[in-house]
Amino acid sequence: MKILGISPFHDSSIVVLHDGNIEYFSKEERLTRKKRDAFPWKSLSYVTNNITDIDLIVICSPTFNDPFNDILEEYLKKYYNCTIKRLCDKHHLAHASLAFYNSGFEQSLTVVIDRNGSKVNGLRESESVFISSYPNNFKPIYKSYWLENIGEKYDVENDKTLFNISKQYADCEVQAESTCNITKVYETATSLIGEHALENGKTMGLASYGKDTKHRNLFVDSMPISNYFIHSDGDYFKPVLLKEHLSKFLHEPYELTKDNYSYYADYSYQVQKQTQEVVLNLVKKYVEQTGIKNVCISGGYGLNVIANSYLVKNLPDVNFYFEPMADDTGNSIGSAMYYYRDITKNCDITAIKDTFFNGNKHAVPIDVGNSYTTVDDIVNYLTQGKIVAVYNQMAEAGPRALGNRSILFDARNKNAKDIVNVVKNREWYRPFACSILEEDFEEYFNTLGLSKSEFMTMAFDVKSDKIPGVVHVDNSCRVQTVNKSIPYFYELLNKFKEKTGVPVLLNTSFNLAGEALVESPTDAISTYKKSDIDVLWFPEKQIALRKNNE
């Protein structure tokens with residue numbers, strides 16, 4: 001059985017699931033080079049030109065009546081004579097499905113924190129909690145919605161929407177808020193610093209520079225968030241209006257610079273602090289209520305590595321799985337997985353092994369001449385302070401670079417963050433992740449009792465003074481542990497350790513600011529040539545390009 005899953009809007013992607021396994025996956029931004037691109041036409045064109053035997057198509061859009069769904073269906077009918085389903089009223093279910101089936105748990109609580117979920121008569125999903133089990137049982141026990149018409153109060157008595165939702169989901173706690181749900185509160189800080197609301201990772205980095213000053217509760221109706229903020233880009237906040245309202249209870253704002261940042265950082269700190277506390281209380285409540293100690297976290301907020309670590313610190317008896325494709329990237333897969341299990345009743349547990357499945361595995365290999373390069377050569381470049389970009393086999397499907405599309409640098413260099421930030425043209429306050437040999441994880445980090453962190457979904461406090469280049473201002477670092485499942489990377493870290501005594505490298509995504517992760521060899525070479533990256537390495541081919549010897 002082959003199922004084509006489509007997630008059509010921001011972070012759009014498509015997947016072909018063949019008997020439950022991924023045959024083809026593509027995130028649209030990798031082909032168009034437009035970050036978070038919607039409408040996956042280029043990705044679909046590969047499937048329609050190369051894969052004919054599709055048995056079911058699933059469109060995971062947040063609303064049934066979006067005109068694009070109709071256009072998409074008409075397009076697909078030209079190529080496939082099969083059933084087309086719209087998983088449009090259960091956006092959070094797609095998030096939950098992906099996380100649960102990837103987790104390896106037999107049963108779990110699956111918590112989705114993603115405020116732009118499905119539309120239901122003027123309400124939109126913001127948080128959901130499911131009890132998940134095989135083959136495809138997702139029983140909702142908590143659903144929270146936000147009111148799209150910002151500034152209005154939800155009239156529970158006169159609007160029967162919540163009543164009908166409660167009727168649909170037996171034994172499920174259902175509630176609606178004005179606008180102050182978890183992710184929207186977080187987005188106020190992201191908009192305040194002048195970023196698109198989907199760039200919440202930038203706020204997370206800045207928050208560590210803030211102080212825990214006395215502050216209002218951001219989740220109460222007296223807070224301007226729930227009454228005054230006006231939408232500009234569909235359903236995102238206007239930064240100018242945010243500054244006006246926030247300045248009423250903070251102080252006069254000024255521009256966010258390296259010298260003047262406290263106004264923004266302090267508010268970001270509060271947003272990080274208060275949202276992760278609300279998430280903890282939500283998880284804790286339903287763990288205690290159900291007695292289930294396996295918990296999956298997904299939805300856009302699930303990429304918040306600081307909050308994820310906060311959960312593990314405060315709930316040490318709970319087994320957590322944090323989905324590495326927690327944003328809408330993974331919803332094409334999640335929706336396809338859901339229907340595959342629904343149809344086949346297959347109960348096999350198949351935990352995710354890696355995210356190296358974006359793109360076409362039959363892509364034409366690159367030819368860059370006779371620049372034979374060994375792992376030892378790359379170690380030498382790194383110890384000489386060179387910036388090394390890596391292009392290896394298929395790309396990571398999620399937003400974290402885990403070795404196949406990475407930029408590497410010596411973590412021992414105390415100026416590493418500033419050096420690489422300049423090369424990538426990133427903001428000064430943004431931290432960098434690192435990769436470390438799995439067996440050395442505990443020596444360098446406070447691991448919170450974990451033995452590995454293979455998908456970079458958590459941040460850990462640093463114990464060693466040997467890697468200042470990857471230590472954030474709060475003494476944390478987002479960590480990827482590496483074992484033999486990534487052969488070239490494992491060998492590189494081992495040889496780097498042999499030469500330096502340190503098994504750690506700075507690891508950031510192979511792209512420049514505002515661009516998508518490189519997909520093709522052509523993308524890689526183009527990015528290399530227009531940047532100050534010193535070496536472009538193709539481990540699979542054992543070749544490299546070097547600026548001083550092209």
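The values are calculated or read from the model by the stated rules, or taken from the named source; none is laboratory data. Being a predicted model, the structure only gives us computed values, none of them experimental. Cβ: placed from backbone, ideal geometry, glycine included. Neighbour counts: every protein chain shown. The protein model used for the area step is the full one, side chains on, heavy atoms only, and it has no ligands, DNA or RNA in it. Shrake-Rupley method; radii C 1.70, N 1.55, O 1.52, S 1.80 Å.
With both bridge residues required to lie in the chain, what share of the DSSP beta bridges run antiparallel, to the nearest 5%?
On the way: 56 of 84 bridges.
Rounded to the nearest five, the antiparallel share is 65 percent.
Over 18 Å between Cα atoms, which of LYS202/LYS424; LYS414/LYS466; LYS34/LYS77 qualify?
On the way: LYS202/LYS424 14 Å; LYS414/LYS466 9 Å; LYS34/LYS77 27 Å.
Correct reply: LYS34/LYS77.
Report the residues of the range 422-460 in range of a label on LYS313: point 7 Å along Cα→C-beta, backbone N strictly under 15 Å from it.
445-450, 458-460
Might you work out the accessible area of ASP418 for me, using a 1.4 Å probe with all protein chains in place, and round it to the nearest 10 Å²?
The value for ASP418 is about 70 Å².
Per residue, how much accessible area does the range 457-550 have with a 1.4 Å probe, in Å²? All intermediate terms of the calculation are to be shown ahead of the outcome.
Numbers: 3760 Å² over 94 residues.
Normalised by residue count, the accessible surface of the range 457-550 is 40 Å².
Express the accessible area of the range 1-117 per residue in Å², computed with a 1.4 Å probe while the remaining protein chains stay in the model. Before the final figure, lay out the partial values.
Numbers: 4220 Å² over 117 residues.
Each residue of the range 1-117 exposes 36 Å² on average to a 1.4 Å probe.
How big is the dipole moment of the range 326-433 about its Cα centre under a simple scheme where the beta carbon of each Lys and Arg is +1, that of each Asp and Glu is -1, and everything else is neutral? Debye, nearest 20, please. Walk me through the numbers before you get to the answer.
Working: 13 positive and 12 negative charges, 52 e Å.
Charge dipole of the range 326-433: 240 debye, to the nearest 20.
If the only charges are +1 at each Lys and Arg Cβ and -1 at each Asp and Glu Cβ, what is the size of the charge dipole of the chain around the Cα centre, to the nearest 20 debye?
It comes to approximately 540 debye.
Pop out the carbon and sulfur fraction of the accessible area of the chain as a percent, whole number, probe 1.4 Å.
Values: 9980 of 21950 Å².
Carbon and sulfur atoms account for 45 percent of the accessible area of the chain.
Given the DSSP H assignment, sum -39500 (n - 2.57) over each helix run of at least 4 residues in the chain and divide by its residue total; what's the result at 222 nm in deg cm²/dmol, nearest 500? Don't skip to the answer; put the middle values down first.
On the way: 16 runs with 172 residues, N = 550.
Using -39500 (n - 2.57) per qualifying helix, the result is -9500 deg cm²/dmol.
Over the range 260-417, with the other protein chains present, what is the accessible area per residue in square angstrom, probe 1.4 angstrom?
Details: 5870 Å² over 158 residues.
About 37 Å² of surface per residue is accessible.
Would you mind counting up the charge near VAL423? Only other residues with Cβ under 15 Å from its Cβ, with Lys and Arg at +1 and Asp and Glu at -1.
Working: positive: LYS386, LYS417, LYS424, ARG426, ARG430, LYS529, LYS530, LYS547; negative: ASP410, ASP418, GLU427, GLU515, ASP532, ASP534.
Its environment carries a net charge of +2.
Say each of THR213 and VAL422 gets a label point 7 Å from the Cα, pointing the same way as Cα to Cβ; how far apart are those two points in nm?
In this crude spin-label approximation the distance works out to 3.2 nm.
Which semi-axis lengths, in whole Å and largest first, follow from the square roots of five times the eigenvalues of the Cα gyration tensor of the chain?
36, 30, 22
Run the numbers on the chain and let me know its relative contact order in percent, using alpha-carbon pairs under 8 Å that are six or more apart. Don't skip to the answer; put the middle values down first.
Numbers: 1162 pairs, mean separation 83.1, N = 550.
Averaging sequence separation for qualifying contacts and normalising by length gives 15 percent for the chain.
Go through PHE39, PHE219 and list them by solvent-accessible area, largest first, probe radius 1.4 Å.
Values: PHE39 85, PHE219 50 Å².
Ranked from most to least accessible, the order is PHE39, PHE219.
Probe 1.4 Å, all protein chains in place: accessible area of LYS547 in Å², nearest 10?
Surface open to solvent at LYS547 totals about 80 Å².
Rounded if a/c is under 1.5, else prolate if a/b beats b/c, else oblate: with a ≥ b ≥ c from the C-alpha gyration tensor eigenvalues square-rooted, which is the range 309-403? Working shown, then result.
Working: a/c = 3.18, a/b = 1.55, b/c = 2.06.
Oblate, because a/c is 1.5 or more while a/b does not exceed b/c.
What does the extension gain come out to for THR48 and GLN168, with contour length at 0.36 nm per residue minus their alpha carbon separation?
Extra length from THR48 to GLN168 when fully extended: 39.5 nm.
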